[in-house]
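Colleague: Below is a structure I'd like to ask you about.
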Amino acid sequence: MLLMTKAHHSNIKGHSPWTGVSQFLQTSQKIIQFASGQEPQPGDTIIYVAGAFDLFHIGHVDFLEAVHKLSEKPYIIVGLHFDQEVNRYKGKNYPIMNVHERTLSVLACRYVSEVVIGAPFAVTKDLLDHFKVDLVCHGKTEIYPDKDGSDPYAEPRRRGMLRTVDSGNTLTSDEIVQRIIKNRLLFEARNKKKEAKEIAVIQAMKRQEEEKTKGRSQALL
Ligand code: C5P
């Protein structure tokens with residue numbers, strides 16, 4: 001996050017000398033442990049939402065909770081975009097968490113029934129028909145265009161099934177990263193001050209010790 005590199009996007013086997021590179025190994029067991037395992041039941045409203053859900057935060061939870069409240073019997077499917085896709089539209093070194101880590105964070109959320117790991121960026125006809133989606137939701141954040149500049153929500157918009165949901169929360173992953181960067185600078189400045197104080201105390205103690213030794217040797221003469 002702080003190095004602003006994209007090294008975490010490639011499948012790195014070694015360790016960085018500065019930070020531990022995530023050695024996260026996704027397994028089907030892990031997914032099972034986190035998943036609800038529930039299939040949609042007759043009468044459920046199948047709601048599809050898509051995004052990066054990077055650094056899964058309270059803004060995401062508030063959004064999913066608001067989506068959950070839209071129906072008596074909601075069945076929420078989250079479409080997670082692959083890392084390369086997220087990087088294409090978000091830029092910099094995003095996403096911070098890889099798709100495996102994002103999958104488990106989202107699956108652990110009580111409002112989520114199912115996750116599409118590596119969902120297509122555009123919400124296509126096939127996807128809507130395959131999952132028998134009744135409603136597609138997006139929060140009040142920006143909708144990034146697809147590679148060719150088209151609207152990824154064109155199909156649900158055409159079907160009249162796209163709903164904008166206000167999470168009532170403006171927190172974003174970018175804001176979290178900015179806060180951490182700002183706090184690191186404050187932390188570094190505080191540590192520099194502390195270090196200078198400690199060095200002054202050590203030097204004063206050394207001087208005292210030297211003077212004591214000098215006094216003792218003079219007394220022996
Ligand atoms: O930015 P990201 O792709 O992770 O967002 C996933 C979904 O969560 C989007 O629909 C976005 O609008 C919504 N969201 C929200 N309120 C926030 C953060 C995200 O409604 N504070």
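Colleague: How much length is gained on full extension from ASP166 to GLN41, taking 0.36 nm per residue of separation minus their Cα-Cα distance?
Modeller: Values: separation 125, 0.36 × 125 = 45.00 nm, distance 2.67 nm.
Taking 0.36 nm per residue and subtracting the Cα distance, the gain is 42.3 nm.
Colleague: Ordered by residue, what ³J(HN,Hα) values in Hz, to whole numbers, does segment 134-144 give under the Karplus form 6.51 cos²θ - 1.76 cosθ + 1.60, where θ = phi - 60° and Gly and Pro are x?
Modeller: 9, 8, 10, 10, 9, x, 8, 6, 4, 9, 6
Colleague: Separate question: Given the chain, report the % of alpha carbon pairs whose separation exceeds 30 Å.
Modeller: Working: 9707 of 24310 pairs.
In whole percent, the long-distance tail amounts to 40.
Colleague: Just tell me which lysines come within less than 26 Å, Cα to Cα, of LYS212; anything on the same chain fewer than 8 places away is out.
Modeller: Correct list for LYS212: LYS197.
Colleague: Looking at the square roots a ≥ b ≥ c of the eigenvalues of the Cα gyration tensor of segment 88-155, which shape do they give, rounded for a/c under 1.5, prolate if a/b is larger than b/c, or oblate? Intermediate results must be reported in sequence, preceding the final value.
Modeller: Working: a/c = 1.78, a/b = 1.04, b/c = 1.71.
Oblate shape, in that a/c is at least 1.5 and b/c is the bigger or equal ratio.
Colleague: State in Å² the accessible area per residue of the chain; use a 1.4 Å probe, count heavy atoms of protein chains only, and round to the nearest integer.
Modeller: Values: 14230 Å² over 221 residues.
For the chain, the per-residue accessible area is 64 Å².
Colleague: Looking only at GluC sites (Glu not before Pro) in DSSP loops with at most 10 other Cβ atoms within 10 Å, what is the longest site-free stretch of the chain?
Modeller: On the way: sites that count: GLU72, GLU142.
Here the longest segment lacking exposed loop sites spans 143-221.
Colleague: Something else now. For ILE76, which sequence-distant residues (separation of 5 or more, or a different chain) have an amide H within less than 5 Å of its own amide H, given hydrogens modelled in the peptide plane?
Modeller: Amide H neighbours of ILE76: ILE47, SER113, GLU114.
Colleague: Helix 58-68 against the longest principal axis of the chain: what's the angle in degrees, Cα atoms only, rounded to the nearest 10?
Modeller: 20 degrees
Colleague: Pull out the extension gain between GLN84 and LYS182, defined as 0.36 nm times the separation in residues minus the alpha carbon to alpha carbon distance; nm, one decimal. Don't skip to the end; give the middle numbers.
Modeller: Details: separation 98, 0.36 × 98 = 35.28 nm, distance 2.69 nm.
Separation in residues times 0.36 nm, less the Cα-Cα distance, equals 32.6 nm.
Colleague: For the pairs LYS92/LYS182; LYS6/LYS73; LYS92/LYS140; LYS73/LYS147; LYS69/LYS132; LYS140/LYS182, flag any whose C-alpha to C-alpha distance is greater than 29 Å. Walk me through the numbers before you get to the answer.
Modeller: Details: LYS92/LYS182 17 Å; LYS6/LYS73 40 Å; LYS92/LYS140 22 Å; LYS73/LYS147 35 Å; LYS69/LYS132 19 Å; LYS140/LYS182 26 Å.
Pairs exceeding the cut-off: LYS6/LYS73; LYS73/LYS147.
Colleague: Taking θ as phi - 60°, what are the ³J(HN,Hα) couplings along segment 176-183 by the Karplus curve (6.51, -1.76, 1.60), each to the nearest whole Hz, with x for Gly and Pro?
Modeller: Here the 3J(HN,Hα) series is 4, 4, 4, 4, 5, 4, 5, 5 Hz.
The values are calculated or read from the model by the stated rules, or taken from the named source; none is laboratory data. All values derive from a computational prediction rather than experimental measurement. Glycine also receives a Cβ, built like all others from the backbone with ideal geometry; neighbour counts cover every protein chain displayed. SASA here: full protein model, heavy atoms, side chains in, ligands and nucleic acids out. Shrake-Rupley method; radii C 1.70, N 1.55, O 1.52, S 1.80 Å.
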